[in-house]
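Q: Input: one structure, supplied below.
The values are calculated or read from the model by the stated rules, or taken from the named source; none is laboratory data. Quantities reported herein were computed from a predicted structural model and do not represent experimental measurements. Don't worry about glycine lacking a Cβ; one is built from the backbone with ideal geometry, like all the others, and counts go over all protein chains shown.
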Amino acid sequence: MTERSAKHSTFVIERNYKHSPARVFAAWAGQAAKAGWFPKADEFDFRVGGREINRGGPPGGPVYTFDACYQEIVPDKRIVYSYTLDMEDKRISVSVTTVELESVDGGTRLIYTEQGVFLDGLDTPEQREHGTRLFLDQLGEALDGE
């Protein structure tokens with residue numbers, strides 16, 4: 001039997017982008033725009049109570065399922081969603097994420113806060129933060145490439 005455990009953690013990542021809050025918000029709010037920096041969604045309903053679901057993983061590796069529900073959306077200011085992450089048929093984490101957008105000289109400061117519980121040693125806060133940093137870097141590259 002696998003030992004059961006729950007590790008709670010919060011991490012915050014800040015990024016500055018040389019684009020307006022409206023433009024950064026649009027990169028989260030539109031399915032095609034978001035697919036330019038985050039795995040393409042199988043389901044994408046960007047509204048309070050709507051869901052975003054995507055599945056994927058490394059070639060030959062396990063399939064991961066991201067299943068999010070949008071809890072609050074304030075255009076150009078804030079997005080709050082809760083999500084689960086499964087690896088095949090195992091739940092590996094449950095999180096609440098807040099994305100805040102602040103107008104600053106020359107663009108937008110994005111503040112990403114994730115509060116999560118990481119289950120049974122199948123994922124760690126450090127791995128999640130590392131992956132999130134990569135996605136936020138990809139967001140910047142997608143914004144700059146437009």
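Q: In segment 92-110, what residues are surrounded by fewer than 15 Cβ atoms within 10 Å (Cβ to Cβ) and in a strand (DSSP E or B)?
A: Selection gives Glu102, Ser103, Val104.
Q: Within the set of pairs 6+ apart or on separate chains, which have a first residue in segment 115-140 that is at negative phi and β-branched (Val, Ile, Thr), a second that is crowded, with 18+ Cβ neighbours inside 10 Å and not in a helix (DSSP H, G or I), and C-beta atoms under 9 Å apart?
A: Final answer for the pair search is Val117/Ser93; Val117/Ser95; Thr124/Phe118; Thr132/Tyr112; Thr132/Glu114.
Q: Continuing with the same structure: From Ile13, Ile73, grab the single residue that is of a type in the set (A, V, I, L, M, F, W, C), in contact (Cβ under 8 Å) with a residue 60 or more places away in the chain and assigned to a strand (DSSP E or B).
A: Numbers: Ile73 fails: in contact (Cβ under 8 Å) with a residue 60 or more places away in the chain.
Matching residue, one of Ile13, Ile73: Ile13.
Q: Among the residues in segment 4-22, are any of a type in the set (Asp, Glu) and under 19 Å from Leu134 (Cα atoms)?
A: Taking segment 4-22 as the starting set, the residues that turn out to be of a type in the set (Asp, Glu) are 14.
Retained after the next criterion (residues that are under 19 Å from Leu134 (Cα atoms)): 14.
The answer is yes, given that some residue of segment 4-22 is of a type in the set (Asp, Glu) and under 19 Å from Leu134 (Cα atoms).
Q: Residues being under 15 Å from Ser9 (Cβ atoms), surrounded by fewer than 18 Cβ atoms within 10 Å (Cβ to Cβ) and either among the charged types (D, E, K, R) or modelled with pLDDT of 95 or more (or both): count how many of those fall in segment 111-123. Lay out the reasoning, then the answer.
A: Restricting attention to segment 111-123, the residues satisfying the condition of being under 15 Å from Ser9 (Cβ atoms) are 112-123.
Keeping just the survivors that are surrounded by fewer than 18 Cβ atoms within 10 Å (Cβ to Cβ) gives 113, 115, 117, 120-122.
Add one more test, that the residue is either among the charged types (D, E, K, R) or modelled with pLDDT of 95 or more (or both), and what stays is 113, 115, 117, 120.
The total comes to 4.
Q: Pull up segment 16-57, narrow it to residues that are in a loop (DSSP other than H, G, I, E, B) and in contact (Cβ under 8 Å) with a residue 40 or more places away in the chain, then point me to the one that is farthest from Asp137 (Cα to Cα).
A: Restricting attention to segment 16-57, the residues satisfying the condition of being in a loop (DSSP other than H, G, I, E, B) are 18-20, 30, 35-42, 45-50, 57.
Adding the requirement that they be in contact (Cβ under 8 Å) with a residue 40 or more places away in the chain leaves 18-20, 36-38.
Working: Lys18: 13, His19: 14, Ser20: 17, Gly36: 12, Trp37: 9, Phe38: 11 Å.
Restricting to residues being in a loop (DSSP other than H, G, I, E, B) and in contact (Cβ under 8 Å) with a residue 40 or more places away in the chain, the top hit is Ser20.
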